[in-house]
Each structure stands twice: as structure tokens, then as C-alpha cells.
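First up is the structure itself, then whatever we jot down about it.
The values are calculated or read from the model by the stated rules, or taken from the named source; none is laboratory data. Predicted model, so just to flag it, every value in this text is computed and none were measured. Don't worry about glycine lacking a Cβ; one is built from the backbone with ideal geometry, like all the others, and counts go over all protein chains shown.
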Amino acid sequence: MEYLKQNIIVCRQKYVINMKIKIIVPENEKIKALNLANNIEHSHKIAGNHTPRLNNRLGCLYTENERGIIGEFAFSMLSGLPVDNEIKLKDHGIDFKLPNGKTIDVKTSHRKSAYSAFNLLIKNTDVEQNSVADYLIHGEIIGENTIIFHGYTEGKDIKNWEKRPSKLEQVKFNYVKQASDMLPLTNLIKIPSNNKNINIIN
């Protein structure tokens, strides 16, 4: 009987770890997100900073900023935490704050390859500049308005992650965390049960 109980616990843990959450961002919220992202990109251009790339040749409909902001709006729907609408040139890796003061950074990738979609990548420059939040949320955008959240991990452990060379000149390498190793978001926040746009999937 004890052996059976242990196996049930292991099975439950495995199921929870592999849990993903699908968010469909309503059209009105998507428009708000795109407007905010465009304002941020305009501020970057005025400041003479690099304008985020549009990876349309890879099937992505959005620039990096647009993709990231849509991911933040999706996480706001999930967590109830407000999106920061302030126009900033640098957010220092902080998108949200929990009531206990812990910080959250939402990373939203595009499925341009299995590698980029199912791995969380953090630039070594972000770590060196201390731009790493307490919790890192791994999201993936599909189509125009669907976000899949694979889970979260703790920023304090980042230096123990695998390192892989970066294709960007200004970045030596990326710290890499597999989506399958993410912790379930139910450990971090309470998931709404009455929103048709939010679904737990396997």
C-alpha cells in the first residue's frame, strides 16, 4: 500500500510538471497590447535604440516588443496583476510584482523552431546587468492571439542552467532551460476557473 501511495504521488507530480496553460487574448486586449508595444518601439526609435525585428520570414506576425507585450497581457489575464503601461526604454527584467514583493518577468517566444519554442533563453548580458526577476515565466505565442504558458522557474538558479552560444553579436551565450523542466504556474498564482479564454492543457 505504501508503494502504491508513492507511485500515485510521483504520477501526480509528473502530471503537474507537464501542465501547460492556454490563453486566448481577446481582440480588444490584443489591440491595447499592440498600441503599447508600438509606443515603446517609437520611444526606442527616438532615443536612437535598435528597433525590434519583425521575424515575418519565420512566420511570426509581430515584432519582439509586440510579442512580449501580448504575452504580458495574457499573463495579466491569468494572474489578475495589472500590466505596466508606462513607456520605458528599459524594464530591467521586471514585468509584474506579486503582493509579497517578488518580481516576475514574462518571456514570450515564437515557435520558429522546436528549440526556441520549448526552451527558455536568457542572455548572459541580462544576468551580468542583474536584469533577472525572481520568477521567469515561459510563454509561447501561436498565431495572432494565443499564448501557451509552459510554466515558470526561479531566476536565482539561472547560473546553473545549460549554456549555449548565441547568434547575436552582442551576446556571448544564452542560459537555457527546457520547458519540460518548468514548474507549474499553479504553484505561483491562482488560476481563474470561470474564464473561457483560459484553459489548462497537457
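Kindly provide the set of residues from the range 106-136 that are small (Gly, Ala, Ser) and either touching a strand residue (DSSP E or B) at 6+ places or on another chain (Cβ under 7 Å) or modelled with pLDDT of 85 or more (or both), ordered by number. If you could, list the steps in order and put the result at the bottom.
Residues of the range 106-136 that are small (Gly, Ala, Ser), as a first pass: 109, 113-114, 116-117, 131, 133.
Ser109, Ser116, Ala117, Ala133 - these are the residues of the range 106-136 that are small (Gly, Ala, Ser) and either touching a strand residue (DSSP E or B) at 6+ places or on another chain (Cβ under 7 Å) or modelled with pLDDT of 85 or more (or both).
Quick one: is Glu154 loosely packed, with under 13 Cβ neighbours inside 10 Å and farther than 14 Å from Lys20 by Cα?
So Glu154 fails the test.
Being more than 21 Å from Gly101 (Cβ to Cβ) and either free of Cβ contacts under 8 Å to residues at least 24 places away in the same chain or buried (at least 21 other Cβ atoms within 10 Å of the Cβ) (or both) is the filter here; which residues of the range 130-142 pass it? Walk me through it before giving the result.
From the range 130-142, those more than 21 Å from Gly101 (Cβ to Cβ) are 138-142; that's our starting set.
If the condition is that a residue be more than 21 Å from Gly101 (Cβ to Cβ) and either free of Cβ contacts under 8 Å to residues at least 24 places away in the same chain or buried (at least 21 other Cβ atoms within 10 Å of the Cβ) (or both), then His138, Gly139, Glu140, Ile141 are the ones that fit.
Examine the range 38-57 for a residue that is touching a strand residue (DSSP E or B) at 6+ places or on another chain (Cβ under 8 Å), modelled with pLDDT of 80 or more and under 21 Å from Ser166 (Cα atoms), and state whether such a residue exists.
No, there is no match, as no residue in the range 38-57 is touching a strand residue (DSSP E or B) at 6+ places or on another chain (Cβ under 8 Å), modelled with pLDDT of 80 or more and under 21 Å from Ser166 (Cα atoms).
Going by the conditions given, is Tyr175 within 25 Å of Phe73 (Cβ to Cβ), of a type in the set (Phe, Trp, Tyr) and in contact with a helix residue (DSSP H, G or I) (Cβ under 7 Å, 6 or more places away or on another chain)? Before the answer, list the steps.
Details: within 25 Å of Phe73 (Cβ to Cβ): no; of a type in the set (Phe, Trp, Tyr): yes; in contact with a helix residue (DSSP H, G or I) (Cβ under 7 Å, 6 or more places away or on another chain): yes.
When the stated conditions are applied, Tyr175 does not pass them.
Within the range 119-165, restricting attention to residues that are of a type in the set (Gly, Ala, Ser) and within 14 Å of the chain's Cα centre (by Cα), which residue is nearest to Thr108 (Cα to Cα)? Steps first, answer last, please.
So in the range 119-165, the residues of a type in the set (Gly, Ala, Ser) come out as 131, 133, 139, 143, 151, 155.
Then keep just the ones that are within 14 Å of the chain's Cα centre (by Cα); that gives 133, 139, 151, 155.
Numbers: Ala133: 15, Gly139: 4, Gly151: 12, Gly155: 16 Å.
Checking each candidate, the answer is Gly139.
Restrict the check to the range 174-191 and report whether at least one residue is in contact with a Leu (Cβ under 6 Å, 6 or more places away or on another chain), under 19 Å from Lys102 (Cβ atoms) and either assigned to a loop (DSSP other than H, G, I, E, B) or not polar (S, T, N, Q) (or both).
Within the range 174-191, one or more residues are in contact with a Leu (Cβ under 6 Å, 6 or more places away or on another chain), under 19 Å from Lys102 (Cβ atoms) and either assigned to a loop (DSSP other than H, G, I, E, B) or not polar (S, T, N, Q) (or both).
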